[in-house]
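Q: Here you go, one structure.
The values are calculated or read from the model by the stated rules, or taken from the named source; none is laboratory data. Note that this is a predicted model, so its numbers are computed, not measured. Here Cβ is always computed from backbone atoms with ideal geometry, including for glycine, and neighbour counts include all displayed protein chains. The protein model used for the area step is the full one, side chains on, heavy atoms only, and it has no ligands, DNA or RNA in it. Shrake-Rupley method; radii C 1.70, N 1.55, O 1.52, S 1.80 Å.
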Amino acid sequence: KSHMMRLFHLAFILLPVFTSYAYAIEFKSIPLHAKHAEKVSGTIPFIQGKGYDAYNHTIKTEILNTFDQPNWWVSMQAQKIYQDQDYLSYEMNYEISDLTTRNKSFYYTIDLKTKNNITLSQYLKRHHLSAQKIQQKIIQFVQYCDQNIQDESCNDMTFSNVFWGIDDPRAIFDLSQNPNFYLKKHIIGINFEGSKYTYALEYNIQTHELH
């Protein structure tokens, strides 16, 4: 009986440790402080947790170097999409205006064990998922929409801007060259970039369906 009481007491002590670990990494969207603040504004990602100082500094520097320019109007928003014990996915949405207006989203997935972004190829290889099969699904879907533009799943302005008139879809949809993806439960979101917009297709790893 005393042995059981000691085990129970130990479990009671350790429970807050495990609970706090599960919530030790938190995504935050914080204001951007740009040099050209009159033209560049919005929020950027900030990962609150031990060991993420380098990551936060790198992503902030990349964003400022790319978009903090005097000849652009840029509004950006950072938003978390998904988090589990292994990965955290977030979106950066940009509205960019110069001679024209572009609205694009880019996605990042962090491996919480290494504290670095993981590419789509790395994720597929780690989880024994076939890039070739997923790529073929994407090609079939886009080719179907090219012939059935009035279909509800295809009749979308953003979709048309990104995928319309592709001559060689295999070159466009080479997943080994596309690091831009996000995760949801049982879902891999794969992002593609057009001239004015981006469009993400979601692949269900359980049903192998694309939408």
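Q: Treat every Asp and Glu Cβ in the chain as -1 and every Lys and Arg Cβ as +1, leave all other atoms uncharged, and give the resulting dipole magnitude about the Cα centre to the nearest 20 debye. Display every interim value, and only then the final one.
A: Details: 20 positive and 21 negative charges, 232 e Å.
Value, rounded to 20: 1120 debye.
Q: While we're looking at this one, here's another question. Within the range 58-102, name every residue whose backbone N is under 15 Å away from a label modeled 7 Å from Cα of ASN161 along the Cβ vector.
A: 75, 93-102
Q: Rounded, prolate or oblate, given the Cα gyration tensor of the range 112-211, with a/c below 1.5 counting as rounded? List each step's numbers first, then the result.
A: On the way: a/c = 1.89, a/b = 1.69, b/c = 1.12.
Since a/c reaches 1.5 and a/b is larger than b/c, the shape of the range 112-211 is classed as prolate.
Q: So who's got an amide H within less than 5 Å of the one on TYR82, skipping anything under 5 residues away but keeping other chains? H placed 1.01 Å off N, in plane.
A: For TYR82, the qualifying residues are SER89.
Q: Another one. Given a 1.4 angstrom probe, I'd like the percentage of the accessible area of the chain that is carbon and sulfur, rounded to a whole number.
A: Working: 7140 of 13160 Å².
Whole-percent figure for carbon plus sulfur exposure: 54.
Q: Now, a different point. Expected output is a single nm value to one decimal: the length gained when fully extending between ALA37 and THR61, i.e. 0.36 nm times separation in residues minus the C-alpha distance. What is it? Walk me through the intermediate numbers first.
A: On the way: separation 24, 0.36 × 24 = 8.64 nm, distance 1.53 nm.
Length gained, ALA37 through THR61: 7.1 nm.
Q: How large is the helix-only mean residue ellipticity at 222 nm for the chain, computed as the sum of -39500 (n - 2.57) over DSSP H runs with n ≥ 4, divided by its residue count, in deg cm²/dmol to the nearest 500? Present the calculation step by step, with values, prior to reporting the outcome.
A: On the way: 6 runs with 71 residues, N = 211.
When only DSSP H runs of four or more count, the value is -10500 deg cm²/dmol.
Q: Given Cα pairs under 8 Å that are at least 6 residues apart, what percent is the relative contact order of the chain?
A: On the way: 324 pairs, mean separation 31.1, N = 211.
Over the chain, the number comes to 15 percent.
Q: To the nearest 10 degrees, how steeply does helix 2-22 sit against the main Cα axis of the chain, on a 0 to 90 scale?
A: Value to nearest ten degrees: 30.
Q: Another question, then. Taking only protein heavy atoms into account and a 1.4 Å probe, give the accessible area per residue of the range 109-201 in Å². Don't jump to the answer; show the numbers that get you there.
A: Details: 5370 Å² over 93 residues.
Normalised by residue count, the accessible surface of the range 109-201 is 58 Å².
Q: Something else about it: Give, as a single signed number, the net charge of other residues whose beta carbon lies under 9 Å from the beta carbon of LEU112, with Lys and Arg counted +1 and Asp and Glu -1. Display every interim value, and only then the final one.
A: On the way: positive: LYS113, LYS115; negative: ASP84, ASP86, ASP111.
That sum, taken over residues with Cβ under 9 Å, equals -1.
Q: Above 31 Å lies some portion of the pair distances; for the chain, what is it as a whole percent of all C-alpha pairs?
A: Numbers: 7349 of 22155 pairs.
Of all Cα-Cα pairs in the chain, 33 percent lie more than 31 Å apart.
Q: Quick query: amide H of SER105 versus all other amide H atoms, modeled in the peptide plane; which residues come in under 5 Å with a sequence gap of 5 or more or a different chain?
A: Counting only residues 5 or more places away or on other chains, the set is TYR94, THR198.
Q: In the neighborhood of LEU124, defined by Cβ-to-Cβ distances under 14 Å, what is the net charge if each Lys or Arg adds +1 and each Asp or Glu adds -1?
A: On the way: positive: LYS125, ARG126, LYS133, LYS137; negative: ASP111, ASP174.
That works out to +2.
Q: Which whole-number percent is the relative contact order of the range 76-147 (Cα, under 8 Å, 6+ apart)?
A: Numbers: 79 pairs, mean separation 13.4, N = 72.
After rounding, I find 19 percent.
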